[in-house]
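Contents: one structure, followed by commentary.
The values are calculated or read from the model by the stated rules, or taken from the named source; none is laboratory data. What you see is a predicted model; the values in this text were computed from it and never measured. Ideal geometry is used to build each Cβ from the backbone, glycine not excepted, and the neighbour counts take in all protein chains shown. Side chains included, ligands, DNA and RNA excluded: accessible areas come from the protein's heavy atoms. Shrake-Rupley method; radii C 1.70, N 1.55, O 1.52, S 1.80 Å.
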Amino acid sequence: MHELGIVVHVIEQVEKVAEENNVEKVARLSLEVGEVSSVVPDLFRDCFEWSKKKTKYLQDCELELIILEGLSYCQDCGETYKTTEYAKKCPHCGSYNTYLVTGNEINIKDIQVVTRT
Amino acid sequence: MENVRVLEIKEDIASRNNEQAKSIRAELKEKKICFLNIMSSPGSGKTTLIVNLVNRLKDRYRIGVIEADIDSAVDAYTVAEKTGVKTIQIHTGGACHLTCQMSYDSLCALGVDDLDLVILENIGNLVCPAEFDTGATANLVILSVPEGDDKPLKYPLMFEVASAVAVTKKDVLPAFDFSIESAEKNVRMRKPDAPVFFVSAATGEGMDGLVSYVEGEIAKVAD
Ligand SMILES: Nc1nc2c(ncn2[C@@H]2O[C@H](COP(=O)(O)OP(=O)(O)OP(=O)(O)O)[C@@H](O)[C@H]2O)c(=O)[nH]1
Ligand SMILES: [Mg+2]
Ligand SMILES: [Zn+2]
Ligand SMILES: [Zn+2]
């Protein structure tokens, strides 16, 4: 399953940052996920809940998913449109000469951590 | 005392992977090594095609093969046994795609300095291997006749990242509702300039064209 691979990767990165910053635990993880990225939010959550139990710092971590809208740009007429509604075909002029501007990202935005001094 | 604070990470998983892939590609070009990443659905015929290609090229080039799998090692045994070239198996531990880090580690494990061509059999999957650049100098995407000629429409990104497409199992064409013209047209919609080869690893039909293509890719990095 694809989501599991991404979760494993995200957790690795976060554990690394946690280790480097001497934190006690990570309380929240905020992730930005593009609407047309290959990540299905519900599946991602399930994989995350399952995987976090095996981590050092993310045992009680809450996952925040921020969904970013998918927008495409048409090179023929210069208009921007919603990718989820029209896919590759520009609704303004019918051209297929379009590309995705936003919506494909999977960004680890930030983490809220607890440190003890 | 307990302190709570926020650490900014702002890391785009894909862009980090892309950066790493770029540097691997540059290093391979520097060393004049062609790195061919083969991607397809499970069972399309990647391993069979690799065996075939290697046996047609191994007299003229020094070749190594990396077999990626979720968990097994069957493909590496098959390739090693049927070709005799240096082959390693790597495992993704459950994940359905290879990250660039895994690709880099496997190049190091294989040892590539004495090779002209490294072939990577990626995980059988038409979705996410397309999103994770492996650092390959060329991506060969395989589509087999039984899967249907509409796959490029359903998995656009995979065909957009293809340097070339090989339609395999051409020998079973009579048994399937598969149109060569539609397949070619559908690939063109995604990647207008990618060469498309129609081959059968079983009968050897069309393999010469594909072999020339790979030789061309080797020549590209060699000069
Ligand atoms: N008829 C025919 N069968 C083929 C051809 N190429 C491969 N096969 C058969 O297709 C099946 C799968 O081939 P593999 O080479 O193992 O496919 P793969 O893509 O490596 O499979 P995974 O590694 O499991 O994803 C085997 O039974 C092969 O014998 C071909 O050109 N023609
Ligand atoms: Mg295989
Ligand atoms: Zn994946
Ligand atoms: Zn337009």
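Key figures for this structure:
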| quantity | calculated |
| --- | --- |
| Residue in the range B:148-156 that is among the aromatic types (Phe, Trp, Tyr), open to solvent by 10 Å² or more (accessible area, probe 1.4 Å) and at pLDDT 95 or above present | no |
| Selection from the range A:90-107 of residues that are more than 8 Å from chain B (Cβ to nearest Cβ), under 25 Å from the mean Cα position of the chain (by Cα) and of a type outside the set (Val, Ile, Thr) | A:Tyr99, A:Leu100, A:Gly103 |
| Residues satisfying the stated conditions in the range B:182-196, i.e. in contact with a helix residue (DSSP H, G or I) (Cβ under 6 Å, 6 or more places away or on another chain) and over 16 Å from B:Leu140 (Cβ atoms) | B:Asn186 |
| Any chance B:Asn37 is within 16 Å of ligand 1 (Cβ to nearest atom) and either over 13 Å from the mean Cα position of the chain (by Cα) or without any contact (Cβ under 8 Å) to a residue 40 or more places away in the chain (or both) | no |
| Members of the range B:96-138 that are among the aliphatic types (A, V, I, L, M) and within 14 Å of ligand 3 (Cβ to nearest atom) | B:Leu98, B:Met102, B:Ile123, B:Leu126, B:Val127, B:Ala130 |
| Output for the range B:130-146, where each listed residue is out of contact with any Ser or Thr (no Cβ under 6 Å at 6 or more places or on another chain) and farther than 22 Å from A:Asn104 by Cα | B:Thr137, B:Leu140, B:Leu143, B:Val145, B:Pro146 |
| Failed criterion for B:Met158 (all others in (1) more than 17 Å from B:Leu49 (Cβ to Cβ); (2) within 14 Å of chain A (Cβ to nearest Cβ); (3) in a helix (DSSP H, G or I) hold) | (1) |
| Residues within the range B:84-99 that are among the hydrophobic types (A, V, I, L, M, F, W, C), at pLDDT 90 or above and out of contact with any Leu (no Cβ under 6 Å at 6 or more places or on another chain), tallied | 2 |
| Qualifying positions in the range B:189-216 - assigned to a helix (DSSP H, G or I), modelled with pLDDT under 95 and within 19 Å of the chain's Cα centre (by Cα) | B:Arg190 |
